[in-house]
Amino acid sequence: MRIFKEEQRFNQIWLIVLMLVSTIVPIGIYVKEYIENPKNFTSLELIGLIFLIFFASGFIFFFKLTTRIDEKGIHYKFFPFHLSFKVIKWNELNNAYIRTYDPLGEYGGWGLKGGILWNKSKGKAINVSGDVGIQLVLKNGKKLLIGTQKQEEAKNILATYKTKIIANV
């Protein structure tokens, strides 16, 4: 029995820089306001506000996409949206393959994307970086793309379980 496992997080340098800048600017504004006019709010309120800004800006770094492919099917979890694994069993699939895609053009970016707010014909996407994903076409007509950074490993494991998909078509 072969198993594919992958965990991904938002850890791109450009995102970290963007989050730092978007954190430093408002904190700088509030600290300047506090120094110029300390009667507007207390030091405890300033500390609370700084904590809130750091938490709100850093929350994205708690997100984690976990993928597992085994003899039962394809399991995925995008924390904090999914607290437990969602499972797509092999007998629910018409096809599963690796493909390159345009995250912005096809799904509107990275994260939990697609569905009603974007191009419905593409289905949904769950991704955190890059432009390679595991495309799933379900028997009910729905599509789901799960981003991967392990293209070759994912391709090999899908080839291993391809007979489970074909047997159920």
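Read the figures in this text as sums done on the coordinates, not as results from a lab. For clarity, every value in this text was computed on a predicted model and none was experimentally measured. Heads up, the Cβs are rebuilt from the backbone with ideal geometry, glycines too, and the neighbour counts pull from every protein chain shown.
Work out from phi, with θ = phi - 60° and the Karplus expression 6.51 cos²θ - 1.76 cosθ + 1.60, the ³J(HN,Hα) of each residue of the stretch 94-108, listed in order in whole Hz, and give x for Gly and Pro.
Running phi through 6.51 cos²θ - 1.76 cosθ + 1.60 with θ = phi - 60° gives 8, 7, 8, 7, 8, 8, 8, 9, 9, x, 6, x, 8, 10, x Hz.
Restricting to Cα pairs below 8 Å that are 6+ residues apart, what does the relative contact order work out to for the chain? Please round to a whole percent. Walk me through the numbers on the way to the answer.
Values: 263 pairs, mean separation 36.1, N = 169.
Relative contact order here is 21 percent.
What is the distance, in nm, between label points placed 7 Å from the Cα along the Cα-to-Cβ direction at Q12 and at D131?
Here the answer is 1.1 nm between the modelled labels.
Using a cut-off of 17 Å between alpha-carbon atoms, which aspartates and glutamates can reach K155, once sequence neighbours fewer than 8 places away in the same chain are excluded?
Candidates past the 8-residue exclusion: E6, E7, D70, E71, D131.
Just from its helices, what would the mean residue ellipticity at 222 nm be for the chain, if runs of 4 or more DSSP H residues each count -39500 (n - 2.57) and the sum is divided by every residue, rounded to the nearest 500 deg cm²/dmol?
Computed mean residue ellipticity for the chain: -11500 deg cm²/dmol.
Could you compute Rg(Cα) / (2.2 N^0.38 Å) for the stretch 43-153, with N its residue count?
On the way: Rg = 16.8 Å, N = 111, 2.2 N^0.38 = 13.2 Å.
It is 1.28.
Given the Cα-Cα distance of K32 and Q151 and 0.36 nm per residue of separation, how much length would full extension add, in nm?
Numbers: separation 119, 0.36 × 119 = 42.84 nm, distance 4.83 nm.
Going from the current span to full extension adds 38.0 nm.
Apply 1/(1 + (r/R0)^6) to the Cβ-Cβ distance of V21 and L83, taking R0 = 30 Å, and write down the FRET efficiency to the nearest 0.05.
Numbers: r = 31 Å, r/R0 = 1.05.
Here the calculated transfer efficiency is 0.45.
Could you work out the Rg to Rh ratio of the stretch 129-169, with Rh taken as the Kirkwood radius (inverse of the mean 1/r over all Cα pairs)? Spell out each step's value before the answer.
Working: Rg = 11.4 Å, Rh = 11.3 Å.
Over the Cα atoms of the stretch 129-169, Rg/Rh equals 1.01.
Give me the angle, in degrees from 0 to 90, between the Cα long axis of helix 13-36 and the longest principal axis of the Cα atoms of the chain, rounded to the nearest 10.
For helix 13-36, the angle is close to 20 degrees.
Quick one: Karplus J couplings for the stretch 40-46, per residue in order, coefficients 6.51, -1.76, 1.60, θ = phi - 60°, nearest Hz, x for Gly and Pro?
3J(HN,Hα) across the stretch 40-46, in whole Hz: 5, 7, 7, 5, 5, 5, 5.
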